[in-house]
């Protein structure tokens with residue numbers, strides 16, 4: 001048995017045509033987007049001048065759908081490249097990205113940045129506590145100074161800010 | 001000439017010179033860092049420029065853009081990891097040459113080729129942009145509609161897994177641009193009851209997310225990868241023999257890069273690949289290509305830098321981005337209350353001359369930084385990823401928030417990052433989505449205006465010669481990749497036979 005045989009078997013075992021899954025996902029997106037356009041309010045003809053608010057988005061959705069069908073058609077007869085699932089670290093990082101925005105809203109910018117500056121490098125393998133502490137103290141302070149003090153950006157205090165204000 | 005004088009005088013201000021030098025230095029640094037492209041850096045830097053005057057703000061971004069293209073070559077040569085996509089072709093011969101102990105020679109040649117390409121492209125910009133703007137000054141909505149469609153159709157030819165996927169990405173960007181209130185009727189579209197979305201999706205958080213957010217996730221999947229850096233000897237000017245050997249290649253690449261840059265949506269990556277292929281095609285002895293041929297460094301480096309200035313031509317003269325980075329600069333112009341397009345040449349001539357001068361200065365400065373700092377800049381790859389990328393992500397979040405001080409923009413950035421990561425896995429590029437998002441408003445607005453002018457008679461589009469020309473070019477740009485692929489398949493079949 002050669003090295004290539006398992007790959008061939010995979011392809012013969014009915015691996016889906018290239019781009020079929022992503023193509024179907026895009027078509028489903030188009031269907032949902034089109035359905036949403038059905039809910040757009042109609043404008044009076046004099047105001048709309050024969051081009052209703054939904055007309056252009058529907059036209060673009062049609063173009064996307066047509067191109068997607070073309071993409072699927074081009075992939076017929078060509079088995080897709082095997083795509084290994086992303087590593088677990090990617091999923092955790094994605095969850096932490098979402099977690100950062102939630103913390104940004106709830107705790108405030110400083111709290112969110114300090115937490116993220118500790119948690120994210122740790123998750124990526126950093127274990128040196130002094131490095132982590134220095135990073136978590138210096139980076140948020142530098143960024144906050146540049147944006148809040150230097151550029152005058154207003155950040156809602158959040159729970160952490162309110163707590164400090166209370167003290 | 002008054003405007004040129006004013007711009008020249010403004011460059012005697014140490015503040016403006018300092019801004020350009022900071023932009024150049026920043027560009028070389030981010031360009032050198034694998035994963036941190038000048039496109040991403042420009043998007044991240046944009047929020048910092050909000051409080052600046054338009055001239056220093058745009059000069060800073062333009063300098064970063066020029067230098068970032070060169071910076072990518074440093075790590076391409078020393079680490080075999082191109083700092084930016086346009087430097088990918090430089091690694092083909094740059095890294096083998098460095099492995100042979102000639103890293104300094106390779107870096108010196110890359111710097112000189114980049115400077116020549118960059119300066120040539122600024123000259124192209126200075127000559128071509130005003131000419132093109134004069135032509136575009138008489139464009140009406142139908143011409144702008146045809147031009148925007150042509151710009152989108154050019155997405156078919158940019159790098160990526162397939163032309164159709166790029167077009168889908170572009171159309172998706174146009175759809176994103178329809179989110180918010182329809183300006184002619186005041187009806188909300190795709191806002192889901194969120195009043196913050198009534199003004200539409202700001203392209204900057206989307207752009208930051210697609211570039212920085214998606215790259216953050218990509219880096220999360222590469223934590224176990226180790227990079228090996230080649231030791232650098234002193235960076236030195238190319239010898240007379242090297243220059244003589246590469247002169248033809250550099251000259252050809254200057255022309256190729258400028259032409260590619262002038263085309264809407266094309267950019268340095270395509271130019272560099274063609275520059276490399278042409279260097280190889282024209283070489284009498286091809287045997288050393290891929291093993292450290294100096295023409296394999298000069299070709300792509302001159303071409304990708306020649307594309308930078310040229311890509312600014314459609315951006316400034318027509319308001320149609322010439323590349324992903326110029327799309328961000330286009331957005332920066334809008335954010336600073338300026339109107340890209342032919343009117344910019346009559347309304348803001350000083351700004352335009354300042355951009356030209358900033359790019360000239362940046363091109364000279366990055367050569368200086370390249371010669372004296374390459375050894376140091378190569379050390380940027382030693383920054384631990386577990387600190388660098390979380391910092392980039394936090395900066396991306398705060399940069400997105402700073403625009404309108406809305407948390408929704410941060411959510412949009414994160415959403416764009418997740419979507420960008422998934423789409424990249426399936427062969428879709430971020431650049432077409434950005435192009436579509438930026439051109440979307442122009443496409444819809446000019447189409448509606450045209451239909452009103454033509455009383456909804458679509459055939460009247462074909463009564464205007466410029467529109468017909470642009471439609472023909474659109475058809476060609478869509479069909480050419482398919483024709484090219486078919487020819488390649490036929491050639492392969494013939495070779496097999």
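Would you kindly give the portion of the calculated P(r) for chain B that falls above 34 Å, as a percent of all Cα pairs?
Summing the P(r) tail past 34 Å for chain B gives 33 percent.
Can you give the log10 of the normalised intensity I(q)/I(0) at q = 0.16 Å⁻¹, computed with Debye over equal Cα scatterers of region A:88-166?
-0.64
Using only the alpha-carbon atoms, what does region B:105-187 span along each of its principal axes? Please give whole angstrom values in decreasing order.
60, 36, 21 Å, listed from the longest principal axis down.
Give me the compactness ratio for chain A, meaning the Cα radius of gyration over 2.2 N^0.38 Å.
The value comes to 1.66.
Using Cα-Cα distances under 8 Å and only pairs 6 or more residues apart, what relative contact order does chain B have, in percent?
28
Only Cα pairs under 8 Å and at least 6 apart count here; give the relative contact order of region A:88-166 as a rounded whole percent.
Contact order relative to length: 38 percent.
Can you give the Kirkwood hydrodynamic radius of region A:60-106 from its Cα pairs, in Å with one decimal?
In region A:60-106 this quantity evaluates to 14.4 Å.
Could you work out the relative contact order of region B:59-141, using alpha carbon pairs under 8 angstrom and six or more residues apart, expressed as a whole percent?
20
How tilted is helix B:268-282 with respect to the longest principal axis of chain B? Cα atoms for both, answer in degrees (0 to 90, nearest 10).
For helix B:268-282, the angle is close to 50 degrees.
Between 0 and 90 degrees, rounded to the nearest ten: what's the tilt of helix B:407-425 against the longest Cα principal axis of chain B?
So the helix axis and the longest Cα principal axis differ by about 60 degrees.
Counting only Cα, what are the radius of gyration and maximum Cα-Cα distance Dmax of region B:286-335, in Å?
For region B:286-335, the Cα radius of gyration and maximum Cα-Cα distance read 15.7, 50 Å.
Relative to the longest principal axis of chain A, what angle (0 to 90°, nearest 10) does the C-alpha long axis of helix A:55-75 take?
70
What is the spread of the Cα atoms of region B:1-154 along each of their three principal axes, largest first, in whole Å?
56, 42, 29
For every helix of n ≥ 4 consecutive DSSP H residues, a contribution of -39,500 (n - 2.57) applies; sum these over chain A, divide by its total residues, and give [θ] at 222 nm rounded to the nearest 500 deg cm²/dmol. Before the final figure, lay out the partial values.
Details: 8 runs with 110 residues, N = 167.
Taken over chain A, the calculation gives -21000 deg cm²/dmol.
In the protein assembly as shown, if every C-alpha pair distance is counted and binned at 10 Å from zero, what percent goes to each bin?
3, 15, 25, 27, 20, 8, 2, 0, 0
No value in this document is a laboratory result; all are computed from the given coordinates. Quick caveat, the model's predicted, so the values are computed rather than measured.
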